[in-house]
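**Q** After the structure tokens below, expect a handful of questions from me.
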């Protein structure tokens, strides 16, 4: 079987050891349940149809017709079981309303009406389940992305095994057109990989040796050999599936309000039903009150909107860990960014090469690369990366020495090379002209770290290195302001000059630099005391305390980073910061749906109760009226799956 094909029964059992299988098993259980629901509903409908036709045409004796109707009522046992469980737990819900109404209907001899109510309630419930399963389709799609087998290279050959049997450090072969079965790093080969389902990146990403890859991504063009660094149950995709499923079960705080309202609603409706009977003398009308008043729409108003929002976000590489964060995020009016790894790429790059004294830029770069070839410093690696991109292959120096805090000294072909800070030049008494000092100061004021390059005690140039700001961020900052975010700040452990340079380039006016992790926490707590609902956006690893202290913590670029996914309330897979803005917009839309659903459910009940009190609704019409409200709420919320942010927002 090829990687990513369907599952046999044997294979299904074999992958049931991880979260992917658990969620996949839930999907299969739901499918089976939907089939049973159709059969169950058909049986109730058939009994009622025979009962009604026989009664209208006098085909069967009246007592047989009543028995058929009572059988239909009996088939409403799922409702009665739920009602009993709710009573045991001390919870008041829709099943209790229906059960009381059924008992009352049978008590007054309205057997056909009672059976019809069962049919309508079951039909509405099953339809809601079906739509809810469709809403949860984001999880199903994630499960389907997970390959079943992997091609492992062992003992000089290829061995196709269950993906769960792949161990850390196993080398996996992935051919063009196949899904990648593991998280790991490329050790051999070049290809373009579509990892949009994992990170949300719209374009395929070029992969080469050393680059990370994720299970579930699609290998487009080349053959890749990948060394595994996570087992199947711990891949980024597995974590996504588990978190999305878990999040959809969590309640938003507004749901608790709806639940409390339902608990007080039943006694009030029982009193109203009794009052209607006393003043009208009609048991039928009193029973209809109970049917119309079932708070089904109210009970569904929040959870299905949460599921829709989380499903929408999950398809875009955004993991929201529960309805509580949807509700908190819609109130956000302050956003705090970490600098390194969030607003910048988190690694130094050469940005400027300046040559002096008749030297050429490429000569300055090669000279610096020779001196830095043995250095492990991140700045040295930035210089060597730039040299490699320029096609420069620096030879090894005959002698190499690190001077701590200053730079390096090397000897090559009889020449002495100095690469380092101005302190190194001053220490070695290398002359620096005033015009060169002006260039140095200008670069440092822009947030760069500047290395001076000298050969045989003569300055030949400078190389500026800095952590580069990600593209397009200034537009995103402007967009956040237009979303009603009143306060945008950047917190950094870096020095003031570098921090202010980065913030200034993005139009962020509030900057705090040189902060320790606990100082970032204090800063955020003070913002909350000032009355702001704070969103913290960081890289999710070294910012875990700040993420936890904010009202909502968002971790960016978390694909493959377990700590980041655990630390955040919302995990943004990939480095696209526009996802943060989209998530805020989505949460506001979802909360609008929740409030609209609650208002609609209450108004719908008021209308239904008014019509019933005036005698305009029969028990059957009352049940139809009540279920129409439920279905309307479900459909309204499920539209969140198709929500897209309008251009310009």
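**Q** Roughly what would the spin-label model give for residue 89 and residue 162, points 7 Å off Cα along C-beta, in nm?
**A** Taking the simple label geometry, residue 89 and residue 162 are separated by 3.4 nm.
**Q** Would you mind calculating the relative contact order of segment 345-469 from Cα pairs under 8 angstrom and at least 6 residues apart, reporting the percent as a whole number?
**A** RCO, segment 345-469: 33 percent.
**Q** With a point put 7 Å past each Cα toward its Cβ, work out how far residue 595 is from residue 56 in nm, to one decimal.
**A** Label at residue 595, label at residue 56, 4.7 nm between them.
**Q** Please work out the Kirkwood hydrodynamic radius for segment 345-469, using every pair of different C-alpha atoms, and report it in angstroms with one decimal place.
**A** After inverting the pairwise mean of 1/r, the radius is 14.2 Å.
**Q** Determine the distance separating the Cα centre of segment 420-470 from the Cα centre of segment 49-88; give it in Å without decimals.
**A** So the separation of the two Cα centres works out to 90 Å.
**Q** With 10 angstrom as the radius, rank 645, 372, 167, 471 by how many other C-beta atoms surround their C-beta, starting from the fewest.
**A** The order, fewest Cβ neighbours first, is 471, 167, 645, 372.
**Q** Calculate the spin-label point distance for residue 153 paired with residue 103, positioning each point 7 Å from the Cα along the beta-carbon direction, and give it in nanometres.
**A** Calculated label separation equals 7.1 nm.
**Q** Could you calculate the contour length gain from residue 426 to residue 519, that is, 0.36 nm times the residue separation minus the distance between their Cα atoms, to one decimal place in nm?
**A** Once the chain is fully extended between residue 426 and residue 519, it gains 29.9 nm.
**Q** Can you tell me the length gained on complete extension of the stretch residue 481 to residue 388, counting 0.36 nm per residue apart and subtracting the Cα distance?
**A** 29.4 nm
**Q** Let me ask you something else. Please work out the Cα center distance from segment 273-290 to segment 597-615, rounded to the nearest Å.
**A** Centre-to-centre distance over Cα atoms comes out at 16 Å.
Every number in this text was worked out from the coordinates using simple rules, so none of it is lab data. Only a predicted model underlies this, so the values are computations on that prediction, with no experimental measurement involved. Because the Cβ atoms are built from the backbone with ideal geometry, glycine has one as well, and the counts that use them run over all protein chains shown.
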